[in-house]
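This report concerns only the one structure given below.
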Amino acid sequence: MGVRSVFKENLKFWRNRAGLTQEQLSEKIGYGTGYISEIESRNMFPKPETIDAIVDALNISATQLFEEQ
């Protein structure tokens, strides 16, 4: 599995574990409501500073988004 696929799957897992919808997480990190949906459903990949915002919002480490399960 490629890095982008691992990232998308882990993002979805940790977002769900935090009890957040895609829209809620998007808003929490300061983006429009469809931003997380774009990452999870397409091949869009966030900038490093956006990854920082995501891990802060989910209270996880960046490593957890990139570890293959």
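Overall size of the chain from C-alpha positions, given as principal axis extents largest first: 28, 23, 21 Å. The residues Glu38, Glu49, sorted by heavy-atom accessible surface at 1.4 Å with ligands and nucleic acids left out, run Glu49, Glu38 from largest to smallest.
What order do Ile39, Ile60 take when sorted by accessible area (1.4 Å probe), most exposed first? Could you put the intermediate results ahead of the total?
On the way: Ile39 0, Ile60 25 Å².
Ranked from most to least accessible, the order is Ile60, Ile39.
Working with all protein chains in place, sort Val3, Val55 by solvent-accessible area computed with a 1.4 Å probe, largest first. Write down the numbers at each step before the final one.
Working: Val3 95, Val55 15 Å².
Sorted by accessible area, descending: Val3, Val55.
Length available on full extension from Glu40 to Ala62: 0.36 nm per residue minus the Cα-Cα distance, which gives 6.3 nm.
Once you list every other residue whose beta carbon is under 13 Å from the beta carbon of Asn10, what net charge do they have if Lys and Arg are +1 and Asp and Glu are -1? If you can, show how the numbers build up before the last one.
Numbers: positive: Arg4, Lys8, Lys12, Arg15, Arg17; negative: Glu9, Glu40, Glu67, Glu68.
Within the 13 Å Cβ shell, the charges total +1.
Considering only Leu11, Leu20, Leu58, the mean-square fluctuation computed in a Gaussian network model of the chain, springs between alpha carbons under 10 angstrom, is largest for Leu20.
What angle, in degrees between 0 and 90 and rounded to the nearest 10, separates the Cα long axis of helix 3-17 from the longest principal axis of the Cα atoms of the chain? Tilt of helix 3-17: around 50 degrees.
What the chain shows is 61 Å² of accessible area per residue, with the surface traced by a 1.4 Å probe over protein heavy atoms.
Angle of helix 48-58 to the longest C-alpha principal axis of the chain, folded into 0 to 90 degrees and rounded to 10: 70°.
What percentage of the solvent-accessible surface of region 26-69, computed with a 1.4 Å probe over protein heavy atoms, is contributed by carbon and sulfur atoms? Working shown, then result.
On the way: 1200 of 2690 Å².
Exposed carbon and sulfur together represent 45 percent of the surface.
The values are calculated or read from the model by the stated rules, or taken from the named source; none is laboratory data. Bear in mind the structure is a predicted one, so any value in this text is a computation, not a measurement. Here Cβ is always computed from backbone atoms with ideal geometry, including for glycine, and neighbour counts include all displayed protein chains. Note: accessible area is taken over every heavy atom of the protein model, side chains too, but ligands, DNA and RNA are not part of it. Shrake-Rupley method; radii C 1.70, N 1.55, O 1.52, S 1.80 Å.
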